[in-house]
Amino acid sequence: MVNEGRNLEERDGTLEQQSATPVDASAPAPPAIPTDPSISTHPSVLAHPSVSAHPSVSAHPSVSAHPSVSAHPSVSAHPSVSFHPSVSANPSGSAFPSTFAHPGDLTQPSSSGREDLSTIKVSRRRWAVVLVFSCYSMCNAFQWIQYGSINNIFKYFYGVSAFAIDWLSMVYMLTYIPLLLPVAWLLEKFGLRNIALMGSALNCLGAWVKLGSLKPHLFPVTVLGQVICSVAQVFILGMPSRIASVWFGANEVSTACSIAVFGNQVGIAIGFLVPPVLVPNSKDKDKLAYHISIMFYIIAAVATLLFILVIIVFKEKPKHPPSRAQSLSYSLVPETSYLNPIIRLFKNLNFKLLIITYGLNTGAFYALSTLLNRMVILHFPGEEVNAGRIGLTIVIAGMFGAMISGIWLDRSKTYKETTLVVYVMTLVGMVVYTLTLPLQHLWIVFITAGTMGFFMTGYLPLGFEFAVELTYPESEGISSGLLNVSAQVFGIIFTISQGQIIENYGTMPGNIFLCVFLALGAALTALIKADLRRQKANMEFPENKLQEEEEKVENVEKADNVTSKAPTTLSEEHL
């Protein structure tokens, strides 16, 4: 047992230097352990490897304790016991603000993992990962909107109501709600790569199932294929912020998240543009079946190729954490109860406000995308192709908005201000679009719809990134998933309500209905407090500070290697 009263004393605030003598292998372990002044030792600390530290003991980042440690400089600490530089042994004082960590969340990684956690480095593979994800997200989004963009043609081919075709889009929203929590649990349990494989595989399967629905009486088969694709979507929508955090550096995460969301928007854009071109309006059902089969075969081939690419390219995570915040997140013990993070998130007032505002904005976008063909056809009969082009304009403009917003966030970190400005401009764009649609000038509709889309669709990655900032260090998959649940719920409500209003009263009242809720969302956004927790973690432990600490440790190790050849006095600087 270590005797704290023997050979240890402090003089003038410094340690008494001890002369090191050669250690006899047969002799008992030296009775004293040189310590840093900042380390206090409790009598209950044992020499056995199962030693447990008293809560009052704080650990110096470079010091690890083991009974074999002596004053002799050639004797080093046992490699199996180390302390992460950012982790304090005192439960009352964490390495970053207490709002980030919960009791029992922090762990002390082994020295084998310490090197990986201490090295902040981005991987070259990160761009391939986000690109492949964007591509299969694009494929899945195309399958969501491919029916709605030519609603009237599929309505005639299958002999069903327009509302039934609307449900082929709304099934994506409906499926997401009950499956969010199981899929989020799978993400935490099996990791990023396995979820990516599941999502791309289901997307591929759904595309092939639809090829069995090329007869007018086989509408249930196309519903089955769409349901499978909607399940795949659950494995896709919550991943952009997770991929950005795991693979990209602190100054790239918002841009990376925008790129990941960008793929989904490209898919919606292609879904507006391609179906009206591949499937022209015709009264010959055999001819329609032929053109529909071409579209289904193309999308099935693309989905299969992307599934193969996911198998080859997608990895769980890079060798080294890309940012300090991500390194700290690796030091958190996984939750044993899956409901605890959700309960904590719902105690976060700012995040609850963001859930509502995100749902209102994105739900309005879902409703507009689903019902756009019907609205344009009412004012411009026979303009199915231009209806698709208007949808394309909305999404393309939104992609530029998303990219610009992501780059701006990485540079300015003004999450609250940017989100509020984009939300208000979304409302303004929606009002202008509502007023100009009945004017019977198609070119004006293109301009106003594009302006609205620039802000409305550009808001999507902003919401994801703002949520991660407000909820760090909670899982990005859970926060993104809850945002998407809100979007799906409001999407279903808005689609059904606006569809009925348009059918009974016209497009103007239907669009005013959305304007009212967007105004509510803008007001609630102004109430959100910018509690940027992830940014605080990055500022608390910047990468250059970590590199300086690493250099000091390396210098100490080199000095130890040199002095280990002969007995010498252990200086305070070494400690």
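What fraction of the Cα pairs in segment 124-319, stated in percent, has a spacing above 32 angstrom? Cα-Cα pairs in segment 124-319 separated by more than 32 Å: 17 percent. Across segment 407-503, Cα-Cα pairs farther apart than 24 Å form 36% of the total. With unit charges on the beta carbon (Lys/Arg positive, Asp/Glu negative), name the residue among GLY406, LEU378, ILE396 whose Cα is farthest towards the positive pole of the charge dipole of segment 332-464. Farthest towards the positive pole: GLY406.
With point charges of +1 on the Cβ of Lys and Arg and -1 on the Cβ of Asp and Glu, referenced to the Cα centre of segment 124-319, which listed residue (TYR297, SER254, SER213) lies farthest in the positive direction of the dipole? Of the listed residues, the answer is SER254.
Pop the C-beta distance of ILE496 and TRP127 into the FRET formula with R0 = 56 Å and round what comes out to the nearest 0.05.
Working from the Cβ atoms, E equals 0.90.
When a/c is below 1.5 the answer is rounded, else prolate if a/b is larger than b/c, else oblate, so apply that to segment 168-228 with a ≥ b ≥ c taken from the square roots of the Cα gyration tensor eigenvalues. Oblate, because a/c is 1.5 or more while a/b does not exceed b/c.
Only one residue of ASN484, ILE343, GLY458 has its Cα farthest out toward the positive end of the dipole of segment 338-548, where Lys and Arg carry +1 and Asp and Glu -1 on Cβ, and that residue is ILE343. Here the mean projected area of the convex hull built on the C-alpha positions of segment 338-548 is 12.7 nm².
Ranked by the mean number of other Cβ atoms within 10 Å of their residues, highest first, the peptides 274-280, 288-294 come out as 274-280, 288-294. For the residue pairs LYS189/LYS529; LYS215/LYS287; LYS352/LYS529; LYS317/LYS413; LYS319/LYS413; LYS189/LYS315, the C-alpha atoms sit more than 23 angstrom apart in LYS189/LYS529; LYS317/LYS413; LYS319/LYS413.
Since every read-out is calculated from the coordinates, none of them should be taken as a lab result. As the structure is a prediction and not an experimental result, all values here were calculated from the model. In this analysis, Cβ positions are derived from the backbone assuming ideal geometry, glycine residues included, and neighbour counts consider all displayed protein chains.
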